[in-house]
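The values are calculated or read from the model by the stated rules, or taken from the named source; none is laboratory data. All values reported here derive from a predicted model rather than from experimental measurement. Cβ atoms come from the backbone with ideal geometry, glycine included; neighbour counts cover every protein chain shown. Keep in mind that these areas ignore ligands, DNA and RNA; they rest on the heavy atoms of the full protein, side chains included. Shrake-Rupley method; radii C 1.70, N 1.55, O 1.52, S 1.80 Å.
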Amino acid sequence: TISGQKNVILNLLSMEPRKSFTEVISVEPTKIGVIFNFLAILELLQLALITLHIGEGFNNFWIERLEGAKEEV
C-alpha cells in the first residue's frame, strides 16, 4: 500500500539521511512498485516530512528527511 511505502521510505531515511530515487526504487523495481514509491514520496512531501534535492538528468533527485519529522505516518 502507499501507506506502507511511506513507512518503508521513512525507515530507509532513518538509516541514511539522504537516498537517491534510484536507490529507493531498486528495492521494488516493478512498474507498480515504482508508482507506489513515487506516490508515497509525493504524500510525504505534502506532509512536509521529506524534501527533494534535484540534480541534472533523468530520475536524478535525492530524498532527504526533514528535521523533526516523526518516525511513522
Exercise for review: Scan the stretch 1-25 and report the pairs whose first residue is at pLDDT 90 or above and whose second residue is in a strand (DSSP E or B), with Cβ atoms within less than 6 Å and a gap of 6+ or a chain change.
Suggested key: 12/19; 13/65; 18/62; 18/64; 19/63; 20/62
Point to revise | Restricting the stretch 39-66 to residues that are surrounded by 14 or more Cβ atoms within 10 Å (Cβ to Cβ) and β-branched (Val, Ile, Thr), the residue that is farthest from residue 7 (Cα to Cα) | key: 51
Review point. Does residue 17 meet the test of being over 12 Å from the mean Cα position of the chain (by Cα) and at negative phi?
Key: no
Study note, to complete from the structure: Cβ pairs under 9 Å, 6+ apart or interchain, first in the stretch 45-68 and farther than 14 Å from residue 9 by Cα, second aromatic (Phe, Trp, Tyr) and open to solvent by 70 Å² or more (accessible area, probe 1.4 Å), ordered by first then second residue, are 53/62; 54/62; 55/62
Practice item. Within the stretch 16-35, identify whether any single residue is in contact with an Asp or Glu (Cβ under 7 Å, 6 or more places away or on another chain), in a loop (DSSP other than H, G, I, E, B) and either open to solvent by 80 Å² or more (accessible area, probe 1.4 Å) or within 14 Å of residue 2 (Cα to Cα) (or both), and answer yes or no. Key: yes
